[in-house]
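**Q** To start, I am sharing the structure in question, which I have written as structure tokens.
Nothing in this text is a laboratory measurement; each read-out follows from the coordinates by a stated rule. Source: prediction; values computed, not measured. Cβ atoms come from the backbone with ideal geometry, glycine included; neighbour counts cover every protein chain shown.
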Amino acid sequence: MKRLNTDTLYYFNQGELIDAYEHFGAHLVKDAKQRITHTRFTVYAPHAKAVNLVGEFNNYQNWTHQMTKIDASGVYRIEIPENLEGKAYKYEIHTHDGRVLYKSDPYAYFSAYRPDTVSKVYDLEGYQWHDQDYMKTREKLNPYREPMLIYELHLGTWMQKPGGQFHHYNELVDHLIPYLLKQGYTHVELMPIIEHPFDGSWGYQGTGYYSATSRYGVPKDLMYFIDQCHQNNLKVILDWVPGHVCKDAHGLYMFDGQPLYEYRDPFIRENIEWGTANLDLGRGETQSFLISNALFWMKHFHVDGFRIDAVSNIIYYLGDARHGENQGALSFLRKLSKNVFKTFKNALLIAEDSTAYPKVTIPIEYGGLGFNYKWNMGWMNDTLKYFEKDPIYRKFHHDQLIFSLHYAYSEQYILPLSHDEVVHGKKSLVEKMPGDYWQKFANYRALMGYFYTHPGKNLLFMGQEFGQMHEWKDSSELDWHLLNYPMHDAVHRFNRDFNFLVQNEAALHELDHDRRGFKWIDQHNADQSILSYIRYADNEKDHVIVVLNLTPMVYHAYRIGVPSQGIYKELINSDRDIYGGSNQYNGLPIHTQNVHSHHFSQSIEMLISPLSVTVLKWSE
């Protein structure tokens, strides 16, 4: 714990204080023998007339612990010669116009279980980490050349206890980690786990940025969860929401009676669509608060990176280019990138950005925003719209499917099939597909084949890996009973096998962001809705052929050009019966022929299954 001084406050006001949580909030002060001697509370409230500390230790009596203004900028502090660990508290803020506000601590490390809104004194020290080997190894990896198979997870509804009760972070370990390893995922992305009052916001409207939500236990339970993930070589990404906050009375909104962390101008402050308040990311105090928060999660919880929500709403005022670029917010993003990568050079900083703003994943020293990944929202939208069409009409929309390859290397992309696509009446991935029951699943498998073999890393939302039929229900667990049905069990196996295929085949991950990694065989066959392309590893001889058939037609002795003489062996075919298909596949190795096709001197004749993806690997 550190003490505030004039220099510290200067850096705080300038947006340069990267450990603000060590200066503000509730801290247990210890002597040389690590015995807690007293508890210190510090809060920033520059517009307040007076601030009192109220809590269960003083029966919420405001005259007992009046805080002292220790700096003209508006910093209030009190030290209580007691060990108040675990005690609930709030700040009672008196405004100059006579109002009294009861606010949770913006820097609290823990909060009471909702619907209670008090903060709690918590000691983060004392957890013994066991992920040292993992932490050393991750410094040496090149994330761009490694497989990245992200499982997007909502902790409260992945799996629940009887009666719909939440599992705690540490309780999920025994269920979730074996599942992720068995299914071949390399990363888990947690939807926001900061404290938030309303379950239905899924954590995207927070009140306690430094407080791991008490819905799932205490902060050290979360440390254990991440520790166990790391010991099993699973990376952990947090959804992080720096752009806007909820407007509940106990939160950051109008913290001291006036706009403090948010904009003063109500037009750009009020986010009408979401019912939230946009934070003023150009303000120094807000920058210090948020950048410190990102580094806090990295330092104390060992997280591997962040997916930044609603970046379009940060780049442009109100997310609308017509209102102009938000230069203060852009400065914040660059400052965030600088500090994150200074702390951990291989961190993941992922933008959920639906705009065409350039250089999002370019380092700041080269004029970029400094992210190292961006969600490819265009690929997601175009691909899903294409697959929703009846196969008989797909030939008229062929360009929609292949358009993403025109810009696939303009940024470093992650291909998302996220929670946003399976809620609010959009249907689950399987239910989006046209046709009868069999065709829906065949189309779904073809979609997943395109997802896994298209350049870019991969993110899939929970439940879609086994073909959940209903949209995501944000109040109950996934429909695990579906795995008792053969078709759902089959697509579960298909996604598992494809995950491991991506991991094991360098051609499917090594050059995801390098143009050398992709080459068309035939992108023009709109009439038959067939796509064929090559994915290369860094070693050009190491390559696979991908063939997609997006109609129910079957083709025998279909000729495609190939780059190398030798044999091609089928690695995976979505029409195999073990995946729920009609079992039409290429069982024997296919020998190349000296027949010119598709600009190649060599070619093969293969069977193309209906509504399918086929991956073939070359060998001499």
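**Q** For Ser603, which sequence-distant residues (separation of 5 or more, or a different chain) have an amide H within less than 5 Å of its own amide H, given hydrogens modelled in the peptide plane?
**A** When sequence neighbours closer than 5 places are left aside, the close amide H contacts are Val562, Gln593, Val595.
**Q** Could you tell me whether the chain comes out rounded, prolate or oblate from its Cα gyration tensor? Rule is a ≥ b ≥ c as square roots of the eigenvalues, rounded for a/c under 1.5, then prolate if a/b exceeds b/c, otherwise oblate.
**A** prolate
**Q** Let me ask something else about it. Can you list the residues of the stretch 336-350 with backbone N under 12 Å from a point 7 Å past the Cα of Trp129, pointing along Cα to Cβ?
**A** Only 344 pass the distance filter.
**Q** Continuing with this model, one more query. Give me a comma-separated list of calculated 3J(HN,Hα) values for the stretch 283-297, in order, Karplus coefficients 6.51, -1.76, 1.60 applied at θ = phi - 60°, integers in Hz, x for any Gly or Pro.
**A** Those phi angles translate into 7, x, 5, 5, 4, 4, 4, 7, 5, 4, 5, 4, 5, 4, 5 Hz.
**Q** Normalised by the number of residues in the chain, what is the relative contact order in percent for Cα pairs under 8 Å and 6+ residues apart?
**A** 10
**Q** Sticking with this structure for a sec: Note the per residue figure in Å³ for the convex hull of the C-alpha positions in the stretch 152-255.
**A** 102
**Q** Now for a separate question. Set the Förster radius R0 to 45 Å, insert the Cβ-Cβ distance between Asp527 and Lys30 as r into 1/(1 + (r/R0)^6), and round the FRET efficiency to 0.05.
**A** Step by step, r from the Cβ atoms, then E = 0.05.
**Q** Once amide H atoms are placed 1.01 Å from N in the peptide plane, what residues at a sequence separation of 5 or more from Ala351, or on another chain, have their amide H within under 5 Å of its amide H?
**A** Long-range HN contacts for Ala351: Ile308, Tyr373, Lys374, Trp375.
**Q** Starting from the Cα of Ile392, step 7 Å toward the Cβ, then list every residue of the stretch 545-569 with an amide N under 16 Å from that point.
**A** From the stretch 545-569, the list is 551-553.
**Q** For the stretch 6-120, would you read off the P(r) tail past 21 Å as a percentage of all alpha carbon pairs?
**A** Value for the stretch 6-120 (Cα pairs over 21 Å): 38 percent.
**Q** Here's a follow-up. Per-residue HN-Hα couplings for the stretch 380-389, Karplus 6.51 cos²θ - 1.76 cosθ + 1.60 at θ = phi - 60°, whole Hz, x for Gly and Pro?
**A** Result, ordered by residue: 4, 5, 5, 5, 5, 4, 5, 5, 6, 7 Hz.
**Q** Between their Cα atoms, which of Lys140/Lys342; Lys140/Lys338; Lys30/Lys235; Lys374/Lys541; Lys247/Lys335 are more than 23 Å away from each other?
**A** Long pairs (Cα-Cα over 23 Å): Lys30/Lys235; Lys374/Lys541; Lys247/Lys335.
**Q** Evaluate E = 1/(1 + (r/R0)^6) for Glu56 and Tyr407, where r is the Cβ-Cβ distance and R0 equals 45 Å; express this FRET efficiency to the nearest 0.05.
**A** E(calc), rounded to 0.05, equals 0.20.
**Q** Percent antiparallel among DSSP beta bridges with both residues in the chain, to the nearest 5?
**A** That works out to approximately 70 percent antiparallel.
**Q** Under the rule of at least 5 residues apart or a separate chain, name every residue whose amide H is placed under 5 Å from the amide H of Ile572.
**A** Hits under the 5 Å cutoff: Val615.
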